[in-house]
């Protein structure tokens, strides 16, 4: 379990993390989301003891990370895949880490096989592609068979097979009762992997809720009718939001399908389609964080 309690980090006059509190529970894949500059990486670094908080604290399995006598056996970390001795082979990198905790070579070989590194195990890690570096970083994170796994952008640079491997691995780890905490900018992948979300913006907590609850908040209804123009007037009178998708097809928010059907019936308007549409995670995230975006792209000339 990870417990973040009023965690705050200042860099001079800049407040990177602002009194942030949340709990990451075992048995779930918890996604950590936020726009660029939201404080995600800084928070993860403070959880891992790499940055000192200005105020507050972060506990992993009941203690600050630095107080664990055998941290590799408690927490598996991937914060920077390229944090390796570039002249060492993948196998020697893992063996060096294993030696610090008395982990035998059989575990190293098991992780090499698990991460798909068998063919490159003797090659220098400094020459690895981004994707192979990610695989090595994940193998290192799992070396001590930890109860808690913290991964920052774990699928960055991976091919489709690698992305599927990571997704399956994380869900299996959570099913074993481990605490799994990961960040990613890939909303489609997070929607397939995460059970729960912690969303931050400008260093503050915006949401802490299940994925299904977030997407259910942003539900619209597709309504098809040959009398779409007339129906639009009645919908607007009921304070619904209406967007024309194409001729005769509306996307309606603010009323559920039953209410729209009853409204159409009262006014004698035919309906050819009435389909509830749940927002994608990306759409729900963009709506949730629209006031917290620090770096916003401009419009092409």
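Please treat every number below as a calculation from the coordinates, not as lab data. Model, not experiment: these values are computed from the prediction. Because the Cβ atoms are built from the backbone with ideal geometry, glycine has one as well, and the counts that use them run over all protein chains shown.
Laid out as a table, the results:
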quantity: Computed Kirkwood radius, in angstrom, where 1/r is averaged over Cα pairs of region 109-263; calculated: 19.2
quantity: Between helix 105-114 and the chain: long-axis angle, C-alpha atoms, 0 to 90°, nearest 10; calculated: 30
quantity: Crossing angle, helix 257-266 versus the chain [Cα axis fit, 0-90 degrees, rounded to tens]; calculated: 0
quantity: √(5λ) per eigenvalue of the Cα gyration tensor, the chain, largest first, Å; calculated: 45, 22, 17
quantity: Helical contribution to [θ] at 222 nm, DSSP H n ≥ 4, -39,500 (n - 2.57), averaged over the chain, rounded to 500; calculated: -10000 deg cm²/dmol
quantity: Separation of alpha-carbon centers, region 71-97 and region 37-70, rounded to whole Å; calculated: 19
quantity: Within region 68-88, backbone nitrogen closer than 14 Å to the virtual label 7 Å beyond the Cα of residue 104 toward Cβ; calculated: none
quantity: Spatial separation of Cα centroids for region 99-170 and region 190-255, in angstrom; calculated: 39
quantity: Whole-angstrom Cα spans of region 219-278 along principal axes, big to small; calculated: 27, 22, 17
quantity: Angle in degrees between helix 130-141 and the longest Cα principal axis of the chain, rounded to the nearest 10; calculated: 70
quantity: DSSP bridge pairs, the chain: antiparallel proportion in percent, nearest 5; calculated: 65
quantity: Label-point separation in nm, residue 259 to residue 5, each point 7 Å along Cα→Cβ; calculated: 4.3
